[in-house]
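Quick notes on the structure that follows.
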Amino acid sequence: MARWLPRSTDLTRFCQKLNRVKTLEDDMMETSFNRCLSTIDLTLLGIGGMVGSGLYVLTGTVAKEIAGPAVIVSFIIAGFASLLAALCYAEFGARVPKTGSAYMFTYVSVGEIWAFLIGWNVLLEYMIGGAAVARAWSGYLDSIFNHKIKNFTETHVGAWQVPFLARYPDFLAAAILLVATAFISFGAKVSSWLNHVFSAISMGIILFILIMGFVLAQPKNWSTQEGGFAPYGLSGIMAGTATCFYAFVGFDVIAASSEEARNPQRAVPRAIAFSLGLATGAYILVSVVLTLMVPWHTLDPDSALADAFYRRGYAWAGFLVAAGSICAMNTVLLSNLFSLPRIVYAMAEDGLFFQVFSRVHPRTQVPVVGIVVFGLLMALLALIFDLEALVQFLSIGTLLAYTFVAASIIVLRFQQQKGDVPAPVRSGQPNPEPHEGPSGGELKEYESFSDKLQLVDRDKSKEQREPGQLKAAFEPYLEFLSDFYPGEVVTVAVVTLMVSAICLCSILVFGNTHLHLPTWSYSLLLVLFSLGFLLSLLLIWAHEQQHSTQTFQIPLVPLSPALSIILNIYLMLKLSYMTWLRFAVWLLLAQSSHSCSYTGRGSRVCLLVYFGYGIWHSKENLREPRPQRVSARYVVFPGGSLEERVQAVQPSSQPATGLPDTDTDDCKR
């Protein structure tokens, strides 16, 4: 029975497959797409993804129910938290100008299995998010016509009461998605032009709202008679921040479009900065005029802006607000439909998803198969499913992607660049000349089997140190860390930092409410996990990192990504337990794509998306060389120092016996 158990070498090789990283091409500007997008195009795409229906609905909801007029402060804090994540995306988008967004960034730095999970959740975010926006678009337009569309559908088609299904089929939502899919399939330039039209109308209406709002502003609405500026206190401001944070999740469309940018090294960071700054300013200023026009406690959460103009005697302005809301939702739809097929394309191009989705149309230079298939799936979701319960757990996938991208920034910044690691000596090459030891004696050589050895002869006296190595100033105090390979200690420290952040945020969120910890243990745990977080941060900082002036780099690494990590984890833990339950169900679906039952035999065959397809069809799997024996040559100096060299030896043409070859373990002098 023991012969059926996997050997340790097989388990090691399997774990290496899970954590292998993507090999980037030498020329990363080479692409099958059309590099036609400018900085303005990318900026408007980002604005379209962020300034959606939330500007017309979210501001009023947070102001009335959570934070009051202090929703302004909530948007400022949320904008800063989003800025940390956006800067991480900006560095990756400029450094790796390939489509795929968070999936691609995780693949090139963390590992394949983590990239697949991130990509799967990003697909979920775009699919359900786009379908939910389409249903909101349909409902908003229907409300303008006194729900005539809804009444007609229920009368002539019917209504049903089925769990997870909508009350009636929303043909209008499905139709708008199909129309948007058709426009997206015409190419990036057509999509960008259509986004320009809707974004220009939306920004014009926002400008009108701001001008009219400041004209109608009444400062007394922030007075103590109306409850004051922050009626819910600091807790209300922070709760509002957690809600307002999700208004800025659309900037990743810029990173997903980097493979179609003319000059991604400059355009991507600038577009992310401009779009996030304009979106943050729009949310803050609209919150100011909304809470100054009418008292915050009298706002209508469903249509705050239109209701505020109506109550001030400008009912006609409500139609402009409705038009602006519809245009804003159109830009969000275009953003989702633009990004989703490109994420699928990146996964299929790497072999982790079905190869058919990597086909690019030769004329339009877009992944037409992915656009059509996922556009139809999104339309089907909007047609028959109730998406209100599903939308809530989209935020987990978004925050998880932000967390992994921030961690990837730290790992990649402290890794050696391509070509820094010395290549092993191949068989067939001349052996190195004998060396003389420090005392001039003859060298003694030993050979033994090893599949994991690299050169360890490092010149510790040279001033220019490689990324991932310990800084010279800390070597006298942390000398025991000098024996690790460059980047190993940083990777372990990043994992420790994330674990400490999870524990710290768990104590902050659940310590007094769910865990009911006494004061002394609550304080002690906070101090311990805070020290773990800070020590991990200091340990990372004690190592050399890459310094490049060719592309944009986020400042204050590792502090900035670490702050992004802890903020994202805190916001994830603030979500309800039902949201986490739904998220866990989705991850289980990711493991099992579909199953078939054979009633006569009582067996079930489960096909796994990644373990059944992706891990074997991955391009990195095809790049892996066939197993071969490797011998290591140890050169022992008379003085006692040790130097190690690697020499790959071609396997001998002897039949496999299942037993290890012990000849290579013999020592030779």
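The values are calculated or read from the model by the stated rules, or taken from the named source; none is laboratory data. Here the structure is a predicted model, which is why all the values come from computation and not from measurement. Cβ coordinates were reconstructed from backbone atoms using ideal geometry, including for glycine residues, and neighbour counts include every protein chain displayed. All accessible areas refer to the heavy atoms of the entire protein, side chains included, with ligands and DNA or RNA removed. Shrake-Rupley method; radii C 1.70, N 1.55, O 1.52, S 1.80 Å.
What does the extension gain come out to for LEU531 and ASN512, with contour length at 0.36 nm per residue minus their alpha carbon separation?
Values: separation 19, 0.36 × 19 = 6.84 nm, distance 2.04 nm.
Result: 4.8 nm gained on full extension.
How many nm separate the modelled label positions at ILE40 and LEU11, each set 7 Å beyond the Cα in the direction of the Cβ?
6.1
How much accessible surface area, in Å² rounded to 10, belongs to the heavy atoms of ARG262 with a 1.4 Å probe?
Its accessible surface works out to 140 Å², give or take rounding.
How far apart, in nm, are the 7 Å Cα→Cβ label points at LEU234 and PHE208?
It works out to 4.3 nm between the two label points.
Probe of 1.4 angstrom, ligands and nucleic acids ignored: what's the accessible area per residue over region 486-582, in square angstrom? Intermediate values should be presented prior to the final figure.
On the way: 5140 Å² over 97 residues.
Accessible area per residue: 53 Å².
For region 103-182, what are the per-bin percents of Cα-Cα distances with bins 5 Å wide, up to the bin holding the maximum?
Percent of pairs per bin, in order: 3, 13, 16, 17, 14, 10, 8, 7, 6, 4, 1, 0.
If each residue of separation counts as 0.36 nm, what is the full-extension length gain between PHE480 and ARG359 once their alpha-carbon separation is subtracted?
Details: separation 121, 0.36 × 121 = 43.56 nm, distance 5.07 nm.
Value of the extension gain: 38.5 nm.
Would you mind telling me the share, in percent, of accessible area of region 35-414 contributed by carbon and sulfur at probe 1.4 angstrom?
On the way: 9020 of 12960 Å².
On region 35-414, the fraction of accessible area on carbon and sulfur atoms equals 70 percent.
Return one quarter of the surface area of the convex hull spanned by the alpha-carbon atoms of region 35-414, equal to its mean projected area, in nm².
Details: hull surface 75.8 nm².
Spelled out: convex hull of the Cα atoms, projected over all directions, averaged, 19.0 nm².
Along its three principal axes, how long is region 44-162 when you only count alpha carbons? Whole Å, largest extent first please.
Cα spread of region 44-162 along its principal axes, largest to smallest: 55, 39, 28 Å.
Please give the peptides 89-95, 520-526, 551-557, 288-294 ranked by average Cβ packing (other Cβ atoms within 10 Å per residue), highest first, as a rough proxy for protection. Don't skip to the answer; put the middle values down first.
Working: 89-95: 27.3, 520-526: 13.7, 551-557: 17.1, 288-294: 23.0.
Ranking, from highest mean packing down: 89-95, 288-294, 551-557, 520-526.
Just how much of SER235 is accessible, in Å², when a 1.4 Å probe is used and the result is rounded to the nearest 10?
We get 90 Å² for SER235.
At 1.4 Å probe size, put ILE211, ILE206 in order of accessible surface, largest to smallest. Can you show the working numbers first?
Numbers: ILE211 100, ILE206 15 Å².
Result, largest first: ILE211, ILE206.
Past the 25 Å Cα-Cα mark, which pairs from LYS150/LYS574; LYS64/LYS574; LYS17/LYS98; LYS98/LYS189? Provide the component values of the computation, followed by the final result.
Details: LYS150/LYS574 35 Å; LYS64/LYS574 20 Å; LYS17/LYS98 22 Å; LYS98/LYS189 18 Å.
The pairs that break the limit, which is 25 Å between Cα atoms, are LYS150/LYS574.
Note the full-extension length gain between TRP193 and THR23 as 0.36 nm times their separation in residues minus their Cα-Cα distance, in nm to one decimal.
Numbers: separation 170, 0.36 × 170 = 61.20 nm, distance 3.42 nm.
Full extension of this stretch gives 57.8 nm more.
If you roll a 1.4 Å probe over the heavy atoms of the protein chains, what accessible area per residue do you get for region 35-414, in Å²? The partial results should precede the final answer.
Numbers: 12960 Å² over 380 residues.
For region 35-414, the solvent-accessible area averages 34 Å² per residue.
So how exposed is PHE474, as accessible area in Å² (1.4 Å probe, rounded to 10)?
Surface open to solvent at PHE474 totals about 60 Å².
Could you pull out which residues in region 173-210 have an amide N less than 19 Å from a spot 7 Å beyond the Cα of LEU380, following the Cα-Cβ vector?
Counting backbone N atoms under 19 Å from the label point, the list is 173-182.
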